[in-house]
1. Considering every residue within region 81-98, establish whether at least one is aromatic (F, W, Y) and not in a strand (DSSP E or B).
2. Might you let me know whether region 238-249 holds any residue that is more than 20 Å from R195 (Cβ to Cβ), in a strand (DSSP E or B), at pLDDT 90 or above and touching a strand residue (DSSP E or B) at 6+ places or on another chain (Cβ under 7 Å)?
3. Tell me, yes or no, whether region 64-76 has at least one residue that is assigned by TED's automatic domain parsing to the domain that holds N245, touching a helix residue (DSSP H, G or I) at 6+ places or on another chain (Cβ under 7 Å), within 30 Å of V185 (Cα to Cα) and not in a loop (DSSP other than H, G, I, E, B).
4. Output the residues belonging to region 271-285 that are part of a strand (DSSP E or B) and either among the small types (G, A, S) or under 14 Å from L232 (Cβ atoms) (or both).
5. For region 160-190, what are the residues that are in a strand (DSSP E or B) and modelled with pLDDT under 95?
Amino acid sequence: MFGLLKNRAYAIGVDIGDDNLKLVQLSDNGNGVGLVAGRCESRPGSIKARTGNWQRWAIETVRDLTANGDFRGRDAIAAIPAGDVYIDHIKMPKTNNGKVEDAIFSKVKQRLPFEPLRDNTMLKYIATADDNIIVMATERKVIDIHLAIYERSGLRIKAIGAWPVALANCYGRFFGRRQSDIEAVVMLLDIESNRSNAVICRHKDPLFAHSIPMGAKQMADEQVVTRLVMELAGCRRQFNTIYRNARVERLIFVTGQAVDKQICASIAKQLEMPAQIGDCLAAIQMADPSHSGIDRRIQAGQEGAEGAGQERVNWATAFGLSLS
């Protein structure tokens with residue numbers, strides 16, 4: 001009884017991408033992190049991403065998954081998909097009027113991939129180190145679309161999270177537990193179906209982030225893997241020019257079992273970096289996998305698992321959002 005009283009559920013982490021929709025809720029019972037519930041639904045092939053039909057599908061899917069799952073409450077933390085977020089790295093601008101975001105917008109507006117109007121831009125920034133900041137900008141209409149999905153599906157959005165912070169949260173909570181990890185600078189690689197997201201961080205603090213439009217579905221082609229390696233090497237070079245006194249020590253695939261290990265090994269070898277697999281599913285307590293909605297055996301590709309043959313799901317961003 002007393003153990004149950006200590007079991008505190010976090011908010012539901014909502015990760016809506018072009019290809020699938022993931023909901024995860026974690027809890028802390030005082031002895032570690034456990035899974036309350038998790039659900040994933042792939043976008044039907046007949047529905048085109050980012051259309052009105054896609055929005056209606058997302059609303060109905062979230063509504064159904066939360067109604068039929070074992071989620072506790074309706075509080076949620078969501079993230080805008082990485083493909084809809086522009087990221088830049090600049091020095092913190094000096095301003096005398098206190099309007100920091102306006103000063104940041106002035107520095108990055110000419111590089112925005114959408115109409116560079118202040119009223120059209122939702123902008124956030126993360127202060128990092130050495131007076132540097134990570135700038136994240138999204139079209140306001142994209143935010144409005146996602147807020148409408150959450151509202152109409154019955155969720156209460158506590159915050160719009162940032163995917164680089166979510167991945168750093170996931171790493172810091174599950175894989176950065178040793179004392180030596182606190183100051184270590186690592187590169188996290190999160191490989192989705194059609195996109196790969198890289199974060200360089202010091203424990204839970206993001207220092208650099210970059211999203212690359214190529215993912216697991218394209219990596220049967222070795223040339224795609226090589227192009228991804230070139231992008232990641234470019235990230236490391238850019239990081240070294242921004243933070244001259246820091247070096248990336250190792251590579252962590254927070255994708256877990258969702259990507260073939262041979263692909264991970266090839267990426268690490270070409271980058272000439274020590275690497276490890278960070279499987280967040282293996283790091284949590286899961287009392288009843290079939291009841292909670294996530295079957296770890298499917299992720300590992302084990303025969304005999306219920307639903308074997310399904311696409312393996314990458315849960316890192318959703319986990320990090322729930323922990324936020």
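1. Going residue by residue through region 81-98, those that are aromatic (F, W, Y) are 86.
Narrowing further to those that are not in a strand (DSSP E or B): none.
No, every residue in region 81-98 fails to be aromatic (F, W, Y) and not in a strand (DSSP E or B).
2. No - not one qualifying residue is present in region 238-249.
3. Looking through region 64-76, at least one residue is assigned by TED's automatic domain parsing to the domain that holds N245, touching a helix residue (DSSP H, G or I) at 6+ places or on another chain (Cβ under 7 Å), within 30 Å of V185 (Cα to Cα) and not in a loop (DSSP other than H, G, I, E, B).
4. Within region 271-285, the first condition is being part of a strand (DSSP E or B), and the residues that meet it are 275-277, 285.
Matches in region 271-285: A275 only.
5. I160, G161 - these are the residues of region 160-190 that are in a strand (DSSP E or B) and modelled with pLDDT under 95.
The values are calculated or read from the model by the stated rules, or taken from the named source; none is laboratory data. Please read all numbers here as calculations on a predicted model, not as lab measurements. Cβ sites come from the backbone with ideal geometry, for glycine too, and all protein chains shown count toward neighbours.
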